[in-house]
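Shown next, in structure tokens, is the structure this report addresses.
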Amino acid sequence: MNKPYAACIFDLDGTLADTLHSIAYFGNCTLESFGLPAIDIMDYRFLVGNGADVLMERMLAHVGAHFTGEARRAFRAEYDSRYAADPLALVGAYPGVPEVLEYQHSQGMRLGVLSNKPDDMTQAIVAELYPGIFDAIHGQREGIPTKPDPTALLAMAEELGVTPQETLYIGDSGVDMDTARNAGMDSCGVRWGFRSQEELLEHGARYLAGDPMQLKDIIEKR
């Protein structure tokens, strides 16, 4: 029989935090400032997940813009400036998730957050929504490859003092499931996030959670 998990590491956007309206708001404000059309909020579900640089590329491609060099850097800087000024705008925790995390924390579970969102924004959102809950929190940092590369996930497991085999990685996208597989960890896809159940299964999710209480059962019963 498998031992219970010693640690759980979570994605942020679409997993712990409902940030879709926030990302869309700042994205569309940035597009507007460059004279470009807005993108439908629901389309952002398929633009996010691989870090801010890729988000910028996908946004520009979506509206048919072709920025290179300095123009592309200015576009990214505008987005970062707007987002950093108010990273909690239109952001909320998914119902039921705080209670599950508080319980796991009270039971001594080691908990981490690993996101492709820039690190400063990741830190700000987690500190506001889940103060004192997580033992390690990292977003995208310079010099460290983004998910699905497993480098950051393996480093976080080491930081938490656990092995990959003792760790469950939880996210809402195929990128998250690929990251867990690349790190030799079990994966759980949550169905309340940005991507579909089909995507999660196609990318090898070991478990699927339809709601936070089901996630609690998965963590505890393995």
Inset, instruction - For ALA209, list long-range residues whose amide hydrogen, built 1.01 Å from N in the peptide plane, is under 5 Å from its own amide hydrogen. - result: GLY189, VAL190, ARG191
Inset, instruction - Using only the C-alpha atoms of the chain, find the volume of their convex hull and express it per residue in Å³. - result: 113
Legend entry - Accessible area per residue in Å² at 1.4 Å probe, computed on the chain: 45
Inset, instruction - With a 1.4 Å probe and every protein chain kept in, tell me what percent of the accessible surface of the stretch 12-89 is carbon plus sulfur. - result: 53
Legend entry - Mean ellipticity per residue at 222 nm, deg cm²/dmol - from DSSP H runs of n ≥ 4 across the chain, formula -39500 (n - 2.57): -13500 deg cm²/dmol
Inset, instruction - Using every pair of alpha-carbon atoms in the stretch 100-222, split the distances into 10 Å bins beginning at 0 and state the percent of pairs per bin, rounded to integers. - result: 14, 45, 39, 3
Legend entry - Normalised contact order of the stretch 96-222, rounded percent, pairs of Cα under 8 Å and 6 or more residues apart: 19
Legend entry - Those trypsin sites (Lys or Arg not before Pro) in the stretch 132-191 that DSSP places in a loop and that have at most 16 other beta carbons within 10 Å: ARG141, ARG191
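The values are calculated or read from the model by the stated rules, or taken from the named source; none is laboratory data. This is a predicted model, so every value here is computed, not measured. We place every Cβ from the backbone using ideal geometry, glycine too, and count neighbours over all the protein chains shown. The accessibility values were calculated without ligands, DNA or RNA, using every heavy atom of the protein model including side chains. Shrake-Rupley method; radii C 1.70, N 1.55, O 1.52, S 1.80 Å.
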